[in-house]
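Comments concern the structure below.
The values are calculated or read from the model by the stated rules, or taken from the named source; none is laboratory data. What you see is a predicted model, and the numbers here were worked out from it, not measured in a lab. Positions of Cβ are backbone-derived with ideal geometry, glycine not excepted, and every protein chain shown enters the neighbour counts. Side chains included, ligands, DNA and RNA excluded: accessible areas come from the protein's heavy atoms. Shrake-Rupley method; radii C 1.70, N 1.55, O 1.52, S 1.80 Å.
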Amino acid sequence: MVNRAKIKELLNESACSHSKDKKPGEGCDKPKPGLAAGGCAFDGAQISLFPYADAVHLVHGPQTCLGASWETRETLSSYEGRDHTVMGFTTGIRTNDVIFGGDKRLADSIDFIMKEYAPEAIFVYSTCVTALVGDDIDMTCKLGSEKHGVPIVPVHAPGFVGGKNLGSRLAGEAVLEHLIGTKEPEFTTPYDINLIGDYNVTGDMWQYLPILDKIGIRVLSSMSGDGRVGSIRTAHRAKLNVIVCAKSLITLCRKMKEQYDIPWISVSFYGKRDTAFAIREIVNALGDEKLIAKAEEVLAEEEEKLEARLKPYKEMFAGKKAVLNTGGNKAWSIASGLQDLGIEVVATSIRKSTADDIEKAKEYLGPDGILMKAPASEQSKVIDEKGAHILLAGGRSLYTAIKKKISFIDVNQEKKVSYGGFEGLLNLAEDLKSAFNNPVFANVSKKAPWETVSMEAE
Amino acid sequence: MEVNYAIELSKHEHKPLQINPIKHSQPMGAALAFYGIRNCLPLMHASQGCASYTKVFFTRHFNEPIPMYNTSVSDITAVLDGGDYSILLSIENITKKNKFKPEIIGLHTTGLTETKGDDVRGVGMHIEIPYCYVNTPDYEGGMESGWALTAKALIDQHTRPYDQVRPNKLLLLPHVSMQPVEVEKIKEMCENFGFETYALPDLSTSMDGFFGEQQGKLAQGGIGIDEIEVLGNCATVVSIGSSMRIAAEALLVKNPKIRHIHFDHLMGQDMNDNFVASLMEIRQIEPSPSVKRWRGRLQDVMLDSHFLIGSSRFVITGEPDMCIGMTELIQSVGGTIEAVVSTVYSPVLEKIEAKKVFVGDLEDAKVHFKNADLVISNFHAERILHIDEQSHAGLVLRGFPNYEELGNQLKNDQLYEGSTYFLLEIANKLREVKHHG
Ligand code: SF4
């Protein structure tokens, strides 16, 4: 069942910085009719849990929910068994299920999946229609779990309860309630951490995990990039929760602090400074002198290597100015990466950014940086005023760049390479180099013959 | 011909769920149809997720900015509101914020709002902008039917009755799997015969990959509502694809004098011979030299490719109207169709003479991949085909979605010309997998 009290609580997360300036009860994002273009709660829940490759993700709903959303995200996995992140499972309910209820179809589907695929767990997602007709997903999951002896986790995040953010919080709740603390790890170390909120899109995690490894930090479990159901069940034994760029899972961390006394920190692994900062935050929080010293040693080594490889790019990018128009935490995280490459970020968008994000953006861009509230209309003026050389934005802004005859990078398209960690910074540098050097932007802004040739009668 | 026992099977489902679905929903078909209407504001009556998924889906498939709005049904409106309020508020919010005036609002439902039972018809009384509503629950039908229902609704609700016809005026009703450039080519063919030609929906000028200053706030290009209003004086309506018959029939209600000609598809020599013959009969003129030359080229390529295709086995997955066209074209040069795996049931499937024809998902299709030399399917098949190396079949990407390749809207498989290129593409692919594979 959709739990209204829980939703209210999640919308008013006290650990969330932007709750401060709101009236009690006002809470987070409420979709406005007609204007909301983002994903639904189910979308957010699915994104949050989907990287568990050893679990099957079963969408209990009609066709749109899964049909348009499977195999769209590059959440890479190192799982050696059958990788379920590249598969789609849906009950695909029909008219009859709407009239008579879909519980039987769901129960049969669970049996079918266990028989044919035998996953470590099944996540069952309720969606708008199945929540509205009142299918008893909790009961069906419970019975399935007892019958098959693996966790079958109901995820109550039907689209109509809210946006993506809320959905990922609800996913966190489901994991907390049904998985965390249900198994003991084989062994523990004083340097065990959980990673929360990195989904390993295009392998982002793999850019920084080797560094953590070198220092001697062990990732006990992950929610959920390259994660395993078995290990998240042991997450209650970690010494520290590390949230990566994800505001939405703060509630989960707060509750794990309350229930298991695990402290948490929030970090980002974009760019050189952020990555180094993140690593220092982690070792400081773990509070072991030897570990801190080791981290400094590894960082010095890594940074030196990185600097050498960045040098040619920095020379190439000297004096270049960029305008950044993208959402949420990318507003400052990509800015930070660009600055690490020696590019001046003259403006960034703060549309859809939280109070925290705006603070960070201010800090990164400095007093002269422009924070655009309505980038679609502002960016063109800013490019002229500041003499920017490149625009990094979503696909729609391509025309702005072409009109201004400057280079362009689409930062909102599903990306194919990772910009995370030290290695990712080099990927970003390569992309920038290609954009700066590509003549296409100049070529497509040329006039057509029928715009230039005059055809007066002889 | 073998017995189509599998069709029977698929009418009664043989498993409770879909694993790796190929099916897409009715609301998505409706949304796509509204992109083919000029200055249309496509408005999905749904919670925001459906619209957001649909937008991303088509943005990635077409590589174009996609206009898409929704009524953001929330937990409160989901239970209490009859729909009116959120629909009206959405329209007000959207038009006020963007300061534009759509020529028409295309409103359609989803599973959620159908379950609620919202009255999308009645709300029209309160809307000043021309308005079209369609009921498209996503627990019924699929993309193909959503598209067809929308074409029908536009005619039902907006085309005026007539009792006269304009002899040279022609309306094309293309099925959902036709790419923008395919519609353009068929329009051109009709225009070459001297017809004043319209298409409904018309993606050929809106989703066609044309580099203009599109902003993606409203549908660009496409057929105008003013043009839809006066379709009743067409002399001829051509439906292509069995799903589109309902739209043609809706037009005949407006004016029984209209001549309706139907083709299940326009792939291969036979169907195109029929098509050209019909146009010649009506106009009493010869086709242009280029049409004749393309027929010759098609025949030449049929001969050249028949060795390879004739000794090969195929599996085709997709919307029914697309599947029958490809099947018949491949069979016309001797290819063996191992299986046709369709997204939904359609009566046209009964006409397909393949070894197996059934409604299913890619998990079902996979079983047949190992017997195939070539699979024609969407982008999802790529990974499945190569997942356990059982199959050495090649893959030609067709249908929705194709996130992998660029230029989907410019792929042409229709008429003599497109059929020629299609045969060449599959023959070349076969050569690659058979000889080098
Ligand atoms: S809004 Fe509801 S019906 Fe639509 S995709 Fe989300 S959960 Fe599914």
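So for chain A, taking the charge dipole from beta-carbon charges (+1 Lys/Arg, -1 Asp/Glu), which of A:Val229, A:Ile217, A:Asn325 sits furthest toward the positive end?
The one lying farthest along the dipole's positive direction is A:Asn325.
Could you tell me the accessible area of A:Arg254 in Å² (1.4 Å probe, neighbours in place), rounded to the nearest ten?
Accessible area, nearest 10 Å²: 50 Å².
In nm, give the distance between the simple-model label positions of A:Trp450 and A:Asp368, each being 7 Å from the Cα along the Cα-to-Cβ direction.
Reported label-point gap for A:Trp450 and A:Asp368 is 4.6 nm.
Let me understand chain A better: what is its radius of gyration from the alpha carbons, and its Dmax, in angstrom?
Cα-based Rg and Dmax for chain A come out at 24.0, 92 Å.
Taking 41 Å as R0, compute the FRET efficiency from the Cβ-Cβ separation of A:Lys147 and A:Lys214 and round it to 0.05. The partial results should precede the final answer.
Numbers: r = 45 Å, r/R0 = 1.09.
FRET efficiency, A:Lys147 to A:Lys214: 0.35.
Could you report the accessible area of A:Cys245 in Å², rounded to 10, computed with a 1.4 Å probe on the protein chains as they sit in the structure?
Taking all protein chains as shown, A:Cys245 has close to 40 Å².
When a/c is below 1.5 the answer is rounded, else prolate if a/b is larger than b/c, else oblate, so apply that to region A:93-153 with a ≥ b ≥ c taken from the square roots of the Cα gyration tensor eigenvalues.
On the way: a/c = 2.26, a/b = 1.83, b/c = 1.23.
Here region A:93-153 falls in the prolate category.
Can you give the charge dipole size of the protein assembly as shown about its Cα centre, rounded to the nearest 20 debye, using +1 on the beta carbon of Lys and Arg and -1 on the beta carbon of Asp and Glu?
1440 debye
Let's see if you can work this out: charge +1 on each Lys and Arg Cβ, -1 on each Asp and Glu Cβ, no other charges. What is the dipole magnitude of region A:194-312 about its Cα centre, in debye to the nearest 20?
420 debye
Given points 7 Å out from each Cα along the Cα-Cβ axis, report the A:Asn284 to A:Glu304 separation in nanometres with one decimal.
Here the answer is 2.4 nm between the modelled labels.
Rank these by accessible area, largest first, 1.4 Å probe: A:Glu289, A:Glu173.
So, going from the largest accessible area down, we get A:Glu289, A:Glu173.
Report P(r) for region A:311-443: all Cα-Cα distances, bin width 10 Å, range 0 to the bin holding the largest distance, values in whole percent.
13, 48, 35, 4, 0
Using a ≥ b ≥ c from the Cα gyration tensor of region A:192-303 (square roots of the eigenvalues), is it rounded, prolate or oblate, where a/c under 1.5 gives rounded and otherwise the larger of a/b and b/c decides, a/b for prolate?
Working: a/c = 1.67, a/b = 1.34, b/c = 1.25.
Prolate, because a/c is 1.5 or more and a/b exceeds b/c.
Given the Cα-Cα distance of B:Lys101 and B:Gln164 and 0.36 nm per residue of separation, how much length would full extension add, in nm?
Working: separation 63, 0.36 × 63 = 22.68 nm, distance 3.27 nm.
That pair, B:Lys101 and B:Gln164, stretches by 19.4 nm at full extension.
Between 0 and 90 degrees, rounded to the nearest ten: what's the tilt of helix A:271-286 against the longest Cα principal axis of chain A?
The angle comes out near 40 degrees.
Could you order B:Glu363, B:Glu405, B:Glu281 so the one with the most accessible surface comes first? Probe is 1.4 Å.
On the way: B:Glu363 40, B:Glu405 70, B:Glu281 125 Å².
Result, largest first: B:Glu281, B:Glu405, B:Glu363.
Identify the GluC sites (Glu not before Pro) of region B:88-158 meeting these criteria: DSSP loop state and at most 13 other C-beta atoms within 10 Å of the C-beta.
Within region B:88-158, the qualifying GluC sites (Glu not before Pro) (loop, at most 13 other Cβ atoms within 10 Å) are B:Glu128.
Average partner chain C-beta neighbours within 10 Å, per residue of A:153-164? Each step should come with its number before you reach the end.
Values: counts 0, 0, 0, 0, 1, 5, 15, 14, 4, 5, 5, 3.
Whole-number average of other-chain Cβ neighbours for A:153-164 is 4.
What fraction of the DSSP beta bridges in the protein assembly as shown is antiparallel, stated in percent and rounded to the nearest 5?
If I count the DSSP bridges inside the protein assembly as shown, around 5 percent turn out antiparallel.
Is any helix in chain B, taking whole DSSP H runs, at least 20 angstrom long along its axis by alpha carbon and on average at least -1.0 on the Kyte-Doolittle scale, and which ones?
Correct list, ordered by number: B:48-62, B:84-98, B:143-158, B:268-283, B:289-310, B:415-435.
Rounded to the nearest 0.05, what FRET efficiency is calculated for B:Glu353 and B:Arg383 with R0 set to 22 Å and r the Cβ-Cβ distance?
0.15
At 1.002 mPa s and 20 °C, plugging the Kirkwood radius over alpha-carbon pairs of region B:1-135 into Stokes-Einstein gives what diffusion coefficient in µm²/s?
For these conditions, the coefficient is 130 µm²/s.
Which length gain, in nm to one decimal place, applies between B:Lys292 and B:Asp119 when the Cα-Cα distance is subtracted from 0.36 nm times their residue separation?
57.1 nm
Report the label-to-label distance for A:Ile99 and A:Glu9 in nanometres (one decimal), using points 7 Å from each Cα along the Cα→Cβ vector.
Using points 7 Å along Cα→Cβ, the separation is 4.0 nm.
How would A:Trp332, A:Trp264, A:Trp450 line up by accessible area, probe 1.4 Å, largest first?
Per-residue accessible area, sorted high to low, gives A:Trp450, A:Trp264, A:Trp332.
Roughly how many Å² of B:Tyr421 are accessible to a 1.4 Å probe, to the nearest 10?
Ignoring ligands and nucleic acids, B:Tyr421 comes out at about 110 Å².
May I ask for the net charge around A:Ala278, where only other residues with Cβ less than 12 Å from the Cβ of A:Ala278 are counted and Lys, Arg are +1 while Asp, Glu are -1?
0
By its C-alpha gyration tensor, with a ≥ b ≥ c as the square roots of the eigenvalues, how is chain B shaped: rounded for a/c under 1.5, else prolate for a/b larger than b/c, else oblate?
oblate
Just the Cα atoms of region A:4-178, one point each, no solvent: what log10 I(q)/I(0) does Debye give at q = 0.08, 0.14, 0.19 Å⁻¹?
At q = 0.08, 0.14, 0.19 Å⁻¹ the computed log10 ratios are -0.25, -0.75, -1.28.
Past the 44 angstrom mark, what percentage of all C-alpha to C-alpha distances in the protein assembly as shown do you count?
33 percent
State to the nearest 20 debye the size of the charge dipole of region B:26-148 about its Cα centre, where the only charges are +1 on K and R beta carbons and -1 on D and E beta carbons.
Using Cβ point charges on Lys, Arg, Asp and Glu, region B:26-148 gives about 520 debye.
For A:Lys416 and B:Glu432, FRET efficiency with R0 = 35 Å and r from the beta-carbon atoms, rounded to 0.05?
The formula returns an efficiency of 0.90 here.
If you stretched the chain out fully between B:Ile129 and B:His306, how much longer would it get, using 0.36 nm times the residue separation minus the C-alpha to C-alpha distance?
Gain on stretching B:Ile129 to B:His306: 58.3 nm.
Farthest toward the dipole's positive end in region A:4-178, which of A:Phe112, A:Leu66, A:His148, given Cβ charges of +1 (Lys, Arg) and -1 (Asp, Glu) about the Cα centre?
A:Leu66
How much net charge surrounds A:Ala308 when only the other residues with a Cβ under 13 Å from the Cβ of A:Ala308 are counted, with Lys and Arg +1 and Asp and Glu -1?
Spelling it out: positives minus negatives among the neighbours equals -1.
For region B:201-301, which chymotrypsin sites (Phe, Trp or Tyr not before Pro) pass both filters: DSSP loop (anything but H, G, I, E, B) and at most 13 other C-beta atoms within 10 Å?
Values: sites: B:Phe210, B:Phe211, B:Phe263, B:Phe275, B:Trp294; in loops: B:Phe210, B:Phe211.
Those that pass, being in a loop and sparsely packed, are B:Phe211.
If Lys and Arg each add +1 and Asp and Glu each add -1, what is the summed charge of the other residues whose beta carbon sits under 10 Å from the beta carbon of B:Asp321?
Working: positive: none; negative: B:Glu144, B:Asp264, B:Glu319.
Net charge around B:Asp321: -3.
Under the Karplus relation 6.51 cos²θ - 1.76 cosθ + 1.60, θ = phi - 60°, what is the ordered set of whole-Hz ³J(HN,Hα) values for region A:336-347, x standing for Gly and Pro?
4, x, 4, 5, 4, 8, x, 9, 7, 8, 8, 7
Looking at region B:285-375 only, what percent of DSSP beta bridges run antiparallel? Nearest 5 please. Mind showing how you got there, number by number?
Values: 0 of 12 bridges.
Close to 0 percent.
At 222 nm, what helix-only mean residue ellipticity would the protein assembly as shown give, in deg cm²/dmol to the nearest 500, using -39500 (n - 2.57) for each DSSP H run of four or more?
Dividing the helical sum by the residues of the protein assembly as shown leaves -13500 deg cm²/dmol.
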